[in-house]
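Written out below as structure tokens is the structure these notes cover.
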Amino acid sequence: MSTIDAQARYSRGAIALHWIIALLIMGNFVGAWVSEDMPRPEKMELMGYHKAFGMLILGLTVLRIIWRLTHTPPPLEETLKAWEAALAKVTHALFYFLMLAVPMAGWGLHSAFSQGKPVSFLRLFNIPALPVGSDKATTGLFHELHEVFAGAMLLLFVLHVAAALKHHLLDKDGTMRRMVPWMK
Ligand code: HEM
Ligand code: HEM
């Protein structure tokens with residue numbers, strides 16, 4: 001392996017977007033779970049943040065996908081087995097799909113449930129509702145989609161972190177370093 005390959009790392013922009021989006025997604029899961037046991041006014045307040053940060057995730061994901069399509073990622077670790085490389089490819093593609101689908105379904109759910117009210121972004125500006133119906137069936141459909149997609153994202157997250165830790169602790173290869181700027 002050449003010295004350049006051994007130091008291969010995602011670009012600063014890709015790394016920044018990866019970690020900002022990852023933190024926002026984890027925050028949105030925790031927020032949704034914590035809000036379940038809250039009294040209504042506090043729940044509404046917290047869900048306001050959930051929706052705003054969810055829309056931010058959607059916007060940053062669109063940016064990230066454009067970035068990904070216009071920049072070449074660093075070459076994979078040479079020690080990676082073919083099945084590991086294939087699984088990483090599928091997992092990452094599914095992640096990108098869900099990073100769009102989860103907030104889109106949430107946006108649809110908000111639009112149907114609130115009968116077309118816009119999403120307030122931290123009371124700074126409004127994002128229009130999606131043009132969907134507000135009947136029970138449509139609301140139920142988006143609720144179901146939001147829940148199922150979020151569940152799939154959680155499964156993928158567990159697999160993704162387990163894979164990162166396996167490479168770091170067991171294989172002791174440079175996979176983690178590719179996405180962690182301070183790792184040598
Ligand atoms: C919800 C949170 C997360 C999401 C949505 C996510 C998503 C992704 C995606 C889509 C990629 C592929 C990058 C590309 O080639 O375009 C990636 C790469 C990576 N992620 Fe995450 N990630 C998350 C959290 C984490 C965490 C917590 C860790 C570490 C424990 C981690 C470690 C890595 C590493 C090391 C890579 C580089 C893999 C490679 O070299 O191919 N990620 N992540
Ligand atoms: C990646 C971003 C997001 C993640 C990870 C996420 C995750 C979740 C989770 C795990 C739940 C609980 C599901 C359940 O058990 O019912 C939830 C509920 C909810 N989410 Fe999101 N969400 C995101 C984005 C959004 C967006 C953008 C909106 C709206 C603009 C939204 C609106 C809602 C609403 C209204 C609920 C409550 C549903 C109920 O009352 O049961 N979410 N979200």
Identity of the residue in segment 95-127, more than 16 Å from ligand 1 (Cβ to nearest atom), assigned to a helix (DSSP H, G or I) and of a type outside the set (A, V, I, L, M, F, W, C), that ends up nearest to Ala32 (Cα to Cα): His110
Test: Asp135 is open to solvent by 50 Å² or more (accessible area, probe 1.4 Å) and modelled with pLDDT under 95: no
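Filter segment 84-123 for residues that are of a type in the set (D, E, K, R) and open to solvent by 50 Å² or more (accessible area, probe 1.4 Å) and give the result.
Filtering segment 84-123 for residues of a type in the set (D, E, K, R) gives 84, 89, 117, 123.
Selection gives Lys89, Lys117, Arg123.
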Qualifying positions in segment 133-181 - closer than 19 Å to Gly27 by Cβ and acidic (Asp, Glu): Glu147
Selection count, segment 49-66, where residues are surrounded by 16 or more Cβ atoms within 10 Å (Cβ to Cβ) and either away from ligand 1 (no atom under 12 Å from the Cβ) or at pLDDT below 95 (or both): 8
Flag if Ala22 is at pLDDT below 95, within 9 Å of ligand 1 (Cβ to nearest atom) and either within 14 Å of the chain's Cα centre (by Cα) or over 30 Å from Ala112 (Cα atoms) (or both): no
Cβ-Cβ under 6 Å pairs, at least 6 apart or on other chains, segment 118-145 side within 17 Å of His50 (Cβ to Cβ), far side open to solvent by 40 Å² or more (accessible area, probe 1.4 Å) and small (Gly, Ala, Ser): Asn126/Ser120; Ala129/Gly116
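For segment 132-182, give me each residue that is of a type in the set (Ser, Thr, Tyr) and away from ligand 2 (no atom under 16 Å from the Cβ).
Kept after step one, since they are of a type in the set (Ser, Thr, Tyr), are these residues of segment 132-182: 134, 138-139, 175.
Residue satisfying the conditions is Thr175 alone.
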Conditions (1) without any contact (Cβ under 8 Å) to a residue 40 or more places away in the chain; (2) closer than 16 Å to Gly27 by Cα; (3) of a type outside the set (A, V, I, L, M, F, W, C): number failed by Gly106: (1)
Filtered residue count, segment 146-156, keeping only those that are within 12 Å of ligand 1 (Cβ to nearest atom) and without any contact (Cβ under 8 Å) to a residue 40 or more places away in the chain: 1
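The values are calculated or read from the model by the stated rules, or taken from the named source; none is laboratory data. Just so it is clear, the model here is predicted, and its values are computed rather than measured. Backbone-built Cβ (ideal geometry, glycine too); neighbour counts: all protein chains shown. What goes into the accessible areas is simple: the full protein's heavy atoms, side chains included, and nothing from ligands, DNA or RNA. Shrake-Rupley method; radii C 1.70, N 1.55, O 1.52, S 1.80 Å.
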